[in-house]
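**Q** Got a structure for you, questions after.
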Amino acid sequence: MISKKEILQIIADQQLLGFKAGDLPRLQSGFSDKEVAVISGVRRCGKSTLLHEIRSKSAEKDYYFNFDDERLVNFSLNDFQLLYEAFIELFGKQSTFYFDEIQNVPGWERFVRRLYDYNNKIYITGSNASMLSRELGTHLTGRYVRQEMFPFSFAEFMAFHKKVIPQKSLFSTEEKVQLYSDFLSYFKKGGFPAYLKSGNNEYLKSLYESIIFRDVMVRNNLTNEKEILELVHFAASNTSKLFSYNSLMKVIGVKNATTVKNYLSFLENTYLLFLVNKYDSSVKKQIQNPRKLYFIDLGLVRELGFHHSEDNGRLLENLVFIELIRRGKEVYYHSQKHECDFVIKEKNKIVEAIQVSWSVYNQTTKEREIDGLVEALIFHNLKEGLILTDSEEDEFTVKDMKIKVIPAWKWLLKLK
């Protein structure tokens, strides 16, 4: 329980929070006027900034409340009415609400549903995928629209640094060199906005600790810090590789594969990492096969794991995966005799196959990548495949199938 006096103080304090609108550029889609607008994603990827940008463009800006505040540790479902009354006392009657990290309060969806039923417009943010999905599905089915946010894409990274992207098919040598240089910077630093502003690695460490201790351990009542930290370090050092729960069980020294499965589920719910299944028409077989693991951001991966230059191919694969899910793709990997990094599913059908390699100059590497891609194309009856590299570009035909080799930076920017 919390007093109205405390709520009034917190509201007043929080009115001063937030980046200036437009300070951190976002390529965003609009929300409709009716449905509850849900903005979800990993901590500090810019959800609050987007919320403040939306506020700045609205006639009603004042009903803002951030639940990720230590003074609200005892805030409960019954306190929402006090919050509503406090808003009215301070600002008069308004019908637009902005709630940051609302999933911290159990039962929040009941209050939001009541606001919705009385024709209010509600914007909410959250950084726990499972909790949001479960609670939205319970009381707000069909009444919300959701936008997932990620650290900056390469295009947003360029906009953040006020770089102009040439919109054309043929680039001068100077333009190519500059774009490639910018890509390498993005490849190294990742896309967390505040880290790009400060360049301070302590920021990434602070972000990681906040996710691990607040969103994973405290939220799920876990006590074995060592197991979680070892799991994340190993995963960050082996991103893009195949794993099984049994193999990870041995690495972190737990006695039950279910424990590893639960840990990964908790981490996945925070958007820190993602698990990818092998594609199979049988869901049961998908679950039984080894999975691949990818992280939300390369800057964070470099901070958490151990890497050397030979890992560039796996890190590029991680980068491509994040861009695919940013674009809303349903992603699997293909594996039979050979392996293809990504196959994209739409309406119960595989429609695209993508292979990722830092370089295909080496003939052995090129043959391996082509073999995996061609196998996936034949298996899924596709006529064209894609290989993404750091800088190489080519086009050729194998067994009547067109293979395009495109620099990752060009693909990321959706340039022809």
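**Q** Which residues, counting only those in region 166-206, are among the hydroxyl-bearing types (Ser, Thr, Tyr), within 21 Å of Lys414 (Cα to Cα) and either free of Cβ contacts under 8 Å to residues at least 24 places away in the same chain or surrounded by fewer than 19 Cβ atoms within 10 Å (Cβ to Cβ) (or both)?
**A** If the condition is that a residue be among the hydroxyl-bearing types (Ser, Thr, Tyr), within 21 Å of Lys414 (Cα to Cα) and either free of Cβ contacts under 8 Å to residues at least 24 places away in the same chain or surrounded by fewer than 19 Cβ atoms within 10 Å (Cβ to Cβ) (or both), then Ser169, Ser172, Thr173, Tyr180, Ser181, Ser185 are the ones that fit.
**Q** Here are some residues: Ala129, Ala59, Ala86. Which one is of a type in the set (Gly, Ala, Ser) and modelled with pLDDT of 95 or more?
**A** Ala86
**Q** Of all residues in region 106-165 being of a type in the set (Val, Ile, Thr), under 12 Å from Glu35 (Cα atoms) and touching a residue at least 60 places away in the same chain (Cβ under 8 Å), which is surrounded by the fewest Cβ atoms within 10 Å (Cβ to Cβ)? Break it down into steps so the answer makes sense when it comes.
**A** Here is the first cut: in region 106-165, the residues of a type in the set (Val, Ile, Thr) are 112, 122, 124-125, 138, 141, 145, 164-165.
Those left that are additionally under 12 Å from Glu35 (Cα atoms): 112, 122, 124, 141, 145.
Still in the running and touching a residue at least 60 places away in the same chain (Cβ under 8 Å): 112, 122, 124, 145.
Details: Val112: 24, Ile122: 23, Ile124: 27, Val145: 13.
Here the residue is Val145.
**Q** Could you count how many residues in region 350-365 are charged (D, E, K, R) and modelled with pLDDT under 95?
**A** Going through region 350-365 one residue at a time, the tally reaches 0.
**Q** While we're on this one: Taking region 365-401 as the search range and keeping residues that are in a loop (DSSP other than H, G, I, E, B) and not basic (Lys, Arg), which one is surrounded by the fewest Cβ atoms within 10 Å (Cβ to Cβ)? Walk me through it before giving the result.
**A** Going residue by residue through region 365-401, those that are in a loop (DSSP other than H, G, I, E, B) are 380-383, 390-393, 399-400.
Still in the list and also not basic (Lys, Arg): 380-382, 390-393, 400.
Values: His380: 19, Asn381: 8, Leu382: 18, Asp390: 18, Ser391: 16, Glu392: 17, Glu393: 12, Asp400: 6.
Top of the filtered list is Asp400.
**Q** Tell me the residue from Ile344, Ile378, Ile406, Ile387 that is aliphatic (A, V, I, L, M) and under 22 Å from the mean Cα position of the chain (by Cα), please.
**A** Ile344
**Q** For region 60-79, give me the residue count where each residue is within 14 Å of Ser3 (Cβ to Cβ) and either small (Gly, Ala, Ser) or buried (at least 16 other Cβ atoms within 10 Å of the Cβ) (or both).
**A** 4
**Q** Please pick out the residue among Ile2, Ile54, Ile102, Ile11 that is of a type in the set (A, V, I, L, M) and at pLDDT 95 or above.
**A** Residue meeting the stated conditions: Ile11.
**Q** Give region 162-217 a look and list any residue that's at pLDDT below 95, part of a loop (DSSP other than H, G, I, E, B) and of a type outside the set (A, V, I, L, M), or say none.
**A** Matches in region 162-217: Lys162, Lys163, Pro166, Gln167, Lys168, Ser169, Phe171, Ser172, Gly199, Asn200.
The values are calculated or read from the model by the stated rules, or taken from the named source; none is laboratory data. Because the structure is a prediction, the values reported are computed rather than measured. A quick note on method: Cβ atoms are made from the backbone with ideal geometry, for glycine too, and the neighbour counts reach across all protein chains shown.
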